[in-house]
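Structure record follows, encoded as structure tokens.
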Amino acid sequence: MTDHADDLKNILRAMKQAHLAAGPADAALRRDRLQRAARLIIDHRDKLVRAISQDFGNRAAYHTLAADIATTAAGLQHSAAHVEHWMKRENADVSDPAMAAWIEPQPLGVVGIVSPWNFPINLAFAPLAGVFAAGNTALIKPSEFTPRTSDLIARLVGDAFDADELGVVIGGPDVAQAFTALPFDHLVFTGSTSVGRHVMRAAAENLVPVTLELGGKCPVVVDDGFDITTAAERTLTVKTFNAGQICLSPDYVMLPAHAVDGFVAAARAFMARAFPRIQDNDDYTSVIAPRHFDRLLDLIADAQAKGATIVPLNPTGEPVHDAATRKIAPVLILNATEGMKVMQEEIFGPLLPILAVDSVDQAIARINAHDRPLAAYLFSDRETQQKRFAASITSGALVINDIMTHASIESLPFGGVGASDIGAYHGVHGFRRFSHFRPTVRQSAQGLSGQRLRAPYAEKQLALETMLSAKN
């Protein structure tokens with residue numbers, strides 16, 4: 001640990017010194033860094049697709065191209081197109097017309113980024129859209145669960161960036177622990193809530209501000225009367241993307257009891273069309289590691305032992321799961337209850353509990369009785385119901401009549417609230433997150449406005465008291 005800590009401290013010290021020596025990056029340099037980052041992942045997409053798939057066992061190429069490459073590059077390019085406008089200072093009103101005051105965004109310095117394995121490119125590079133736009137430099141610690149991808153990222157970054165612009169450090173939990181204890185100017189962590197607590201404690205030792213993207217259990221609520229086939233198809237579309245290994249993946253569904261059978265039937269029909277095969281289908285992604293695979297099977301077994309009805313959506317003739325491929329067909333868990341582990345922890349896999357509720361009000365009460373989710377999903381045709389649901393719950397995001405579509409809209413902030421997150425980024429919101437907005441005042445030559453604080457005070461006090469009395 002000591003060697004890792006000392007090495008990392010030296011890296012960060014050198015980056016901070018280089019940042020200060022260079023002075024604030026102008027718009028051209030910020031745009032160049034953003035464009036280089038976008039080109040890096042676009043130009044090397046084939047290598048990245050292969051590396052990620054090898055790390056997963058099998059990862060659908062489309063999942064990588066859509067979520068890790070295209071979406072990430074679009075975010076970087078969006079920042080590059082707008083950075084010059086975002087950098088402009090904002091003039092402030094002052095009572096003395098001889099003075100001037102303004103607010104000017106300043107870079108924070110060096111930002112640390114701890115990225116997870118589930119989207120190893122997106123969650124390492126998407127924060128850079130705000131970090132670079134704000135004029136900062138960065139150091140990335142990618143996940144040890146995707147070692148081929150992490151090593152490739154390190155090599156590609158080393159070729160495209162100077163060490164004082166963007167660096168990558170490789171290692172396991174010991175390196176991550178030392179990394180999060182560094183005195184960064186800001187720290188971004190994406191991962192589980194439990195690890196996020198440790199990260200926040202480590203950062204607090206140096207008073208490092210943090211952005212934590214933690215996830216949680218994202219609920220789906222289906223209003224009575226909404227087309228159940230549409231709700232099932234849109235929910236399963238995202239639940240099967242990356243095999244449900246997404247912080248925004250629907251974690252459980254609440255719907256009227258009479259609609260449960262229709263949801264199950266629609267889910268079966270959807271899977272038959274979308275994935276007529278799973279185990280030998282390159283479009284279906286594997287679970288990242290054996291221990292995650294075993295954890296998901298344990299969740300199924302625990303729910304079944306406690307009275308749940310297990311409805312696997314595997315193709316005819318195929319097993320529900322295979323340890324050799326680490327692929328698990330989607331599994332619906334009916335009659336889920338609070339005592340089941342599947343309802344107590346974030347699933348992060350292709351399991352979907354179904355809860356029958358009497359009304360949307362009951363669903364709202366359940367959501368509000370638990371930690372605030374990173375996203376909430378409502379299927380309802382009724383505008384009054386949409387408004388009431390929106391007003392009644394607090395969530396990182398709310399998507400109506402779809403799942404996860406907000407995540408790729410650069411004009412929206414991406415983040416949670418409460419236990420699901422601290423802070424948000426994407427687009428201008430990332431620029432703001434990684435900037436310090438410094439107020440600046442330029443006093444006039446006469447300096448009349450500052451003389452109100454100068455002794456003697458008798459006449460000034462009388463004038464002040466007269467003014468306060470007149471306002472009473």
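The values are calculated or read from the model by the stated rules, or taken from the named source; none is laboratory data. These figures come from a predicted structure and were not determined experimentally. Counting neighbours? That spans all protein chains shown, and the Cβs are built from the backbone with ideal geometry, glycine included.
Please verify whether segment 285-294 includes one or more residues that are free of Cβ contacts under 8 Å to residues at least 24 places away in the same chain and either within 17 Å of Leu352 (Cα to Cα) or more than 31 Å from the chain's Cα centre (by Cα) (or both). Yes: segment 285-294 contains one or more residues that are free of Cβ contacts under 8 Å to residues at least 24 places away in the same chain and either within 17 Å of Leu352 (Cα to Cα) or more than 31 Å from the chain's Cα centre (by Cα) (or both).
Among residues of segment 335-356 being surrounded by fewer than 19 Cβ atoms within 10 Å (Cβ to Cβ) and not in a loop (DSSP other than H, G, I, E, B), the one that is farthest from the chain's Cα centre (by Cα) is Ala356. The set of residues in segment 444-461 that are aliphatic (A, V, I, L, M) and assigned to a helix (DSSP H, G or I) comprises Leu448, Leu453, Ala458. Taking the condition surrounded by 24 or more Cβ atoms within 10 Å (Cβ to Cβ) and under 19 Å from Leu187 (Cβ atoms), does Gly75 pass? When the stated conditions are applied, Gly75 does not pass them. The set of residues from segment 9-46 being more than 19 Å from Pro107 (Cα to Cα), touching a residue at least 60 places away in the same chain (Cβ under 8 Å) and in contact with a Leu (Cβ under 6 Å, 6 or more places away or on another chain) comprises Leu40, His44. Only one of the numbered conditions (1) modelled with pLDDT of 95 or more; (2) assigned to a loop (DSSP other than H, G, I, E, B) is not met by Gly215, and that is (1). Restricting Gly415, Gly396 to residues that are touching an Asp or Glu at 6+ places or on another chain (Cβ under 6 Å) and free of Cβ contacts under 8 Å to residues at least 40 places away in the same chain narrows the list to Gly396. So is Phe226 surrounded by 19 or more Cβ atoms within 10 Å (Cβ to Cβ), in contact with a Lys or Arg (Cβ under 7 Å, 6 or more places away or on another chain) and outside any strand (DSSP E or B) or not? No: the conditions fail for Phe226. Right, Ile103: closer than 30 Å to Leu448 by Cβ, hydrophobic (A, V, I, L, M, F, W, C) and assigned by TED's automatic domain parsing to the domain that holds His429 or not? When the stated conditions are applied, Ile103 passes them.
Which one of these does Arg433 not meet: (1) at pLDDT below 95; (2) charged (D, E, K, R); (3) under 30 Å from Leu108 (Cβ atoms)? The one condition Arg433 does not meet is (1).
Output yes when any residue across segment 159-179 is in a strand (DSSP E or B), within 20 Å of Gln77 (Cα to Cα) and in the same structural domain as Leu65 (by TED's automatic domain parsing), and no when none is. Working first, answer last.
Taking segment 159-179 as the starting set, the residues that turn out to be in a strand (DSSP E or B) are 166-168.
Applying the additional criterion that residues be within 20 Å of Gln77 (Cα to Cα) yields 166.
Keeping just the survivors that are in the same structural domain as Leu65 (by TED's automatic domain parsing) gives 166.
The answer is yes, given that some residue of segment 159-179 is in a strand (DSSP E or B), within 20 Å of Gln77 (Cα to Cα) and in the same structural domain as Leu65 (by TED's automatic domain parsing).
Can you tell which of Pro173, Pro127 is under 22 Å from the mean Cα position of the chain (by Cα) and more than 20 Å from Val428 (Cβ to Cβ)? Before you say what the answer is, go through the steps one by one.
Values: Pro127 fails: more than 20 Å from Val428 (Cβ to Cβ).
Every option except Pro173 fails the conditions.
For Ala231, the stated conditions do not hold, so it cannot be described as assigned to a helix (DSSP H, G or I) and either surrounded by fewer than 21 Cβ atoms within 10 Å (Cβ to Cβ) or outside the structural domain of Leu332 (by TED's automatic domain parsing) (or both).
Residues that are among the hydrophobic types (A, V, I, L, M, F, W, C) and more than 28 Å from Asn118 (Cβ to Cβ): which helices (runs of 4 or more DSSP H) entirely in segment 1-95 hold 1 or more of them? Please lay out each step first, then the result.
Details: elements: 2-22, 27-43, 45-56, 71-86.
Counting at least 1 such residues, we get 2-22, 27-43, 71-86.
Could you tell me whether any residue of segment 369-384 is part of a loop (DSSP other than H, G, I, E, B), outside the structural domain of Gly225 (by TED's automatic domain parsing), modelled with pLDDT under 95 and more than 14 Å from the chain's Cα centre (by Cα)? Don't jump to the end; show me each part of the working.
Narrowing segment 369-384 to residues part of a loop (DSSP other than H, G, I, E, B): 369-375, 380-382.
Okay, now just the ones that are also outside the structural domain of Gly225 (by TED's automatic domain parsing), so none.
Checked segment 369-384: no residue is part of a loop (DSSP other than H, G, I, E, B), outside the structural domain of Gly225 (by TED's automatic domain parsing), modelled with pLDDT under 95 and more than 14 Å from the chain's Cα centre (by Cα).
In the set (1) touching a helix residue (DSSP H, G or I) at 6+ places or on another chain (Cβ under 7 Å); (2) more than 22 Å from Gly416 (Cβ to Cβ); (3) not basic (Lys, Arg), the condition left unmet by Leu207 is number (1). Considered as a group, the residues in segment 304-334 that are more than 29 Å from the chain's Cα centre (by Cα) and among the small types (Gly, Ala, Ser) include one that is farthest from Arg59 (Cα to Cα), and that residue is Gly307.
The criterion of being β-branched (Val, Ile, Thr) and either touching a His at 6+ places or on another chain (Cβ under 6 Å) or free of Cβ contacts under 8 Å to residues at least 40 places away in the same chain (or both) does not hold for Val94. Of all residues in segment 249-268, those satisfying the criterion of being touching a residue at least 12 places away in the same chain (Cβ under 8 Å), more than 12 Å from Ala329 (Cβ to Cβ) and not in a strand (DSSP E or B) are Ser249, Ala257, Ala259, Val260, Gly262, Phe263, Val264, Ala266.
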